[in-house]
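> First, the structure itself, so that you have it in front of you.
Laboratory data are not the source of any read-out in this text; all were calculated from the coordinates shown. Computed from a prediction, not measured in an experiment: that's the story for all the values here. Note that we place each Cβ from the backbone using ideal geometry, even for glycine, and neighbour counts take in every protein chain shown.
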Amino acid sequence: MEFRENQAIYLQIAELICERILLKQWASEDKVPSVRELAVQLEVNPNTVMRTYDFLEQKGIIFTKRGMGFFVSTDAHDKVTEFRREEFLQNELPQFFKAIHLLGIDFSELQNRFEAFKTENY
Amino acid sequence: MVSIHNLGFGYSKKKPVFEGLNLELQAGNVYGLLGRNGAGKSSLLRNIAGLLTPTSGQCTVNGHTPHLRQPKFLQELFFLPEELHIPPISMKEFVSVYAVFYPNFSQNQLTEYLKEFEVDSSARLTELSLGQKKKALISFALATNTPLLIMDEPTNGLDIPSKSQFRKIIASSITNERVILISTHQVRDLESLIDPIIIMDNREVLLNAGTDVIAEKLSFKTVQQVTNHEKVLYSEHSIRGFGIVIPNEDESYTKVDLELLFNAALEKPQVIKQLFN
Amino acid sequence: MNQTLDIQRLGWLIKRIWVENRKLFGMTYVVMVLLCIAAYYLGRDAGGAIVDRDIRFGSLIVGMFGLGVLFANYIFRDFSHTPSTMSYLLLPASHLEKFLSGLFYVFIVYPIVIISTHSLIDYAAFEIIKFSYPDTPMERTIISYSELFETYFTVQDTMFFNGVTILTNFWTFTIMGTLFFQRLSLIKTGFLGFSSIAIIALLEYLMFHYIIGDLNNNISFNTEKDSFLTVYITLGIVLIRFILPLFWLLIAYLKLKEKEV
């Protein structure tokens with residue numbers, strides 16, 4: 001996995017997991033790969049993955065079963081959506097606004113493009 | 001597991017390599033030791049391994065005094081130097097000779113690592129390429145399951161796929177009972193693997209901290225212009241602007257850029273020391 | 001677990017030397033046997049009825065002295081090359097075990113192999129010549145091996161046992177030198193060894209010359225000085241034959257223990 005430079009690795013891994021949950025690759029109650037498995041897959045320090053799991057557990061996206069490892073929460077999908085929405089509105093949207101303001105892009109043009117994008121991709 | 005207090009060492013009395021050095025290594029971690037050429041990284045590793053005797057202070061590994069080199073200590077250590085000693089035998093013969101000395105050696109692990117690294121274990125070791133030799137010995141080193149594993153520049157001589165295999169293997173072999181200490185110049189190779197980071201310079205340890213602690217205290221950013229100069233610890237010009245290191249003030253965690261961190265530590269050693277001690 | 005001497009670990013170390021070097025040992029052995037046979041073949045005299053005594057004796061001396069020193073250096077070279085020194089020093093076994101595993105090859109395996117091989121070749125040569133020339137003046141053996149033990153411990157001066165004395169000193173000195181020098185250990189050891197012999201010889205000459213006087217004129221006439229000389233020579237022989245090799249070994253062992261890379 002290539003990591004971007006502007007965000008801590010453990011958060012980027014969290015994002016990756018969230019994406020898999022949103023894409024329904026991992027359904028609720030599914031077992032999440034063990035810390036070691038994911039660390040090997042991503043070639044990162046297992047402690048970093050552990051931090052990611054702790055973080056996701058705090059957010060209620062995954063939970064532990066004693067002695068069995070981590071599992072995707074029942075309401076993980078909603079939690080992830082909520083978490084991502086918040087993150088997007090807080091971090092990514094301001095960047096986006098800045099860009100369209102600087103480049104003088106009109107909202108109506110965005111609207112058209114967004115509709116086209118939706119029909120093309122989904 | 002490794003505990004160093006006030007360690008002094010020098011090849012001659014007038015020119016100490018380090019003085020009053022302190023360092024604690026906890027089990028369950030892959031430590032990355034960074035330092036410029038001649039900063040004393042190899043000397044430190046050799047002091048920990050018992051190949052050199054400290055001139056002052058103490059160094060203990062799991063309660064053992066390394067430089068006595070007693071078998072009970074040596075069983076708990078594997079040291080992979082930068083320049084390897086390769087006997088003219090096959091990997092199978094090598095294992096038949098050396099594995100018995102390590103009580104926790106695992107043949108299954110070795111087979112797995114050799115397979116992952118794609119090393120031919122029936123060929124003579126001396127006839128393998130440098131990278132293959134290195135991979136064979138790294139596999140053996142990991143399979144000995146010694147509590148302390150020291151590797152000096154392990155990724156030197158490895159090709160790009162091997163470096164990726166190396167990261168996978170290290171990630172899979174770290175356990176809560178084990179310390180892996182890697183000294184390296186190739187920070188890019190191991191950036192997401194080594195944690196905590198130890199930076200040595202000018203005869204002392206400037207920093208020994210986990211990346212979470214580092215990210216809590218410092219931010220690593222790329223900016224178009226360097227504005228608040230007095231706060232910026234370090235900046236360097238790159239294609240995309242300036243890579244800067246500044247104290248973290250907005251509680252957002254950026255990815256720790258080891259090259260920037262290392263350069264910042266060399267440029268402002270006192271600031272870095274104060275921040276992390 | 002014994003931290004100083006464990007027989008099982010010593011066994012592993014002995015196996016290590018064998019596994020890592022067996023091919024080289026095997027090839028070297030074949031070459032040595034062929035050279036020895038060639039020397040016997042070329043050293044025949046009087047129409048082939050006898051092998052020259054110097055060849056018979058000399059081939060053994062060369063095998064033991066010259067090659068023995070090379071062998072001692074080779075066995076301990078693990079300690080005179082930085083990467084191998086590191087890996088060998090950190091192998092989980094005690095210093096004493098590592099030292100003894102080397103000595104085992106130099107002082108037990110090597111002499112047994114050389115003497116038995118040489119005796120065999122010598123015996124075969126004798127039988128072959130005896131078969132072709134029934135009245136050959138060739139002696140059956142050059143050395144009476146049965147007297148070896150007895151004579152060695154009676155401090156008698158015979159050529160052969162002086163040889164053994166020189167030999168043990170050369171070997172132990174080589175081992176010591178190999179442990180001290182990190183590169184080109186054999187050359188440096190040789191230089192050190194021969195220069196110390198030269199210095200000792202010079203000192204001895206000066207001592208005899210100035211303290212005891214001119215050897216040829218005085219010794220046989222003066223009983224007092226004569227007994228002094230006997231004591232001196234006996235002490236010297238004991239020293240050189242027994243104490244000195246042990247001293248070299250002790251120094252070598254201490255160096256191994258304190259070795260740093």
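> For Cα pairs less than 8 Å apart in space and 6+ apart in sequence, what is the mean separation divided by the residue count of chain A, i.e. the relative contact order in percent?
23
> Counting helices only, and only those DSSP H runs with n ≥ 4, report the 222 nm mean residue ellipticity of chain A as the sum of -39,500 (n - 2.57) divided by its residues, in deg cm²/dmol to the nearest 500.
One gets -18500 deg cm²/dmol as the mean residue ellipticity at 222 nm.
> If you average 1/r across every pair of different Cα atoms in the stretch B:1-45 and take the reciprocal, what Kirkwood value do you get, in Å?
11.7
> With only alpha-carbon atoms in the gyration tensor, what are the semi-axes of the equivalent ellipsoid for the stretch B:129-277, in Å, largest first?
Value: 32, 17, 14 Å, ordered largest first.
> Scale the Cα Rg of the stretch B:91-144 by the rule-of-thumb value 2.2 N^0.38 Å and send over the ratio, two decimals.
Compared with the compact-globule rule of thumb, the stretch B:91-144 sits at 1.02.
> Once the piece of chain linking A:Q41 and A:E29 is laid out straight, how much longer is it, given 0.36 nm per residue of separation minus the C-alpha distance between them?
My answer for the length gained is 2.2 nm.
> Still on this model: Just want the ordering: A:R66, A:R85, from fewest to most Cβ atoms lying within 10 Å of their own Cβ.
Fewest to most other Cβ atoms nearby, the residues stand as A:R66, A:R85.
> If you don't mind, there's one more thing I want to ask. Using only alpha carbon pairs under 8 Å that are at least six residues apart, calculate the relative contact order of the stretch B:212-276 and give it in whole percent.
The value is 36 percent.
> Whole percent per 5 Å bin, from 0 to the bin with the longest distance: what is P(r) over all C-alpha pairs of chain A?
For chain A, the pair-distance distribution reads 2, 10, 16, 19, 17, 13, 10, 7, 5, 1, 0, 0.
> Can you work out ³J(HN,Hα) from phi for every residue in the stretch C:192-206, in order, using Karplus 6.51 cos²θ - 1.76 cosθ + 1.60 and θ = phi - 60°, giving whole Hz and x for Gly and Pro?
4, x, 5, 5, 5, 4, 4, 5, 4, 4, 5, 4, 5, 4, 5
> In addition: State the Kirkwood hydrodynamic radius of the stretch B:54-167 in Å, one decimal place, computed from all pairs of distinct Cα atoms.
One decimal place: 15.0 Å for the Kirkwood radius.
> Any idea what Rg and Dmax come out to for the stretch C:71-116 if you just take the C-alpha atoms, in Å?
11.8, 36
> Kirkwood-based Rg over Rh for the stretch B:17-79 (C-alpha set), two decimals?
A ratio of 0.94.
> Same structure again: Leaving out same-chain residues fewer than 8 places away, which aspartates and glutamates sit with a Cα under 14 Å from that of A:K59?
Result set, ordered by chain and number: A:E15, A:D75, A:D78, A:E82, A:E86, A:E87.
> I would also like to ask the following. Taking the beta-carbon count within 10 Å as an exposure proxy, list B:I4, A:I17 from fewest neighbours to most.
So the ranking, lowest neighbour count to highest, is B:I4, A:I17.
> Taking the Cβ of B:S90 as the center, what net charge do the other residues with Cβ under 14 Å away carry, scoring Lys and Arg +1 and Asp and Glu -1?
Residues near B:S90 contribute +1 overall.
> Could I ask something else about it? Size of the dipole of chain B about the Cα centre, Lys and Arg at +1 and Asp and Glu at -1 on the beta carbon, nothing else charged, in debye to 20?
So the dipole magnitude of chain B works out to roughly 680 debye.
> At 7 Å along Cα-to-Cβ for each site, give me the label-to-label distance between A:Q58 and B:T126 in nm.
Calculated label separation equals 5.7 nm.
> Additional query: Which angle from 0 to 90°, rounded to the nearest 10, does the C-alpha axis of helix A:46-58 make with the longest principal axis of chain A?
For A:46-58 against chain A, the angle is about 70 degrees.
> Which whole-percent values make up P(r) of the stretch B:212-276 when all C-alpha to C-alpha distances are grouped in 5 Å steps starting at zero?
Bin by bin from 0 Å, the calculated values are 4, 19, 32, 29, 14, 3, 0.
> Further question: Taking N as the number of residues in the stretch C:1-130, what is its alpha-carbon radius of gyration divided by 2.2 N^0.38 Å?
Compactness ratio reported: 1.33.
> Let me ask you something else. Search the structure for amide H atoms under 5 Å from the amide H of A:S34, placed 1.01 Å from N in the peptide plane, and list their residues when 5 or more places away or on another chain.
Counting only residues 5 or more places away or on other chains, the set is empty.
> Considering the Cα trace of the protein assembly as shown, what is its radius of gyration and what is Dmax, both in angstroms?
For the protein assembly as shown, the Cα-based Rg and Dmax read 35.3, 131 Å.
> Another question, then. Ranking C:D135, B:D201 by Cβ neighbours within 10 Å, fewest first, what do you get?
The order, fewest Cβ neighbours first, is C:D135, B:D201.
> So in the stretch B:2-209, what percent of DSSP beta bridges are antiparallel if you round to the nearest 5?
Of the beta bridges lying entirely in the stretch B:2-209, close to 50 percent run antiparallel.
> Cut-off 20 Å, label point 7 angstrom out along Cα-to-Cβ of B:R240: give me the residues of the stretch A:1-40 whose amide nitrogen falls inside.
Counting backbone N atoms under 20 Å from the label point, the list is A:1-16.
> Follow-up. For B:I89, which sequence-distant residues (separation of 5 or more, or a different chain) have an amide H within less than 5 Å of its own amide H, given hydrogens modelled in the peptide plane?
B:L125, B:T126
> Then there's this: Provide the gained length on full extension for the span B:K115 to B:N62, in nm with one decimal, where the gain is 0.36 nm per separating residue minus the Cα-Cα distance.
15.9 nm
> Shifting gears a bit: Check cross-link reach from C:K23 to the lysines: straight Cα distance under 22 Å, and skip same-chain residues fewer than eight apart.
Hits, sequence-local ones excluded: B:K92, B:K133, C:K15, C:K98.
> How large is the helix-only mean residue ellipticity at 222 nm for chain B, computed as the sum of -39500 (n - 2.57) over DSSP H runs with n ≥ 4, divided by its residue count, in deg cm²/dmol to the nearest 500?
Result for chain B, helices only: -9000 deg cm²/dmol.
> Mind grabbing the base-10 log of I(q)/I(0) for chain B at q = 0.07, 0.08, 0.16 Å⁻¹? Debye formula, identical points on the C-alpha positions, no solvent, two decimal places.
After summing over all Cα pairs, the log10 values are -0.28, -0.36, -1.25.
> Also, quick follow-up: Which FRET efficiency value, to the nearest 0.05, is calculated for C:L120 and B:H5 with the Förster distance at 60 angstrom and r the Cβ-Cβ distance?
Rounded to the nearest 0.05, the efficiency is 0.45.
> Could you name the lysines in cross-link range of B:K268, using Cα to Cα under 22 Å and dropping any fewer than eight places away on the same chain?
Qualifying lysines at Cα under 22 Å: B:K41, B:K217, B:K221, B:K231, B:K255.
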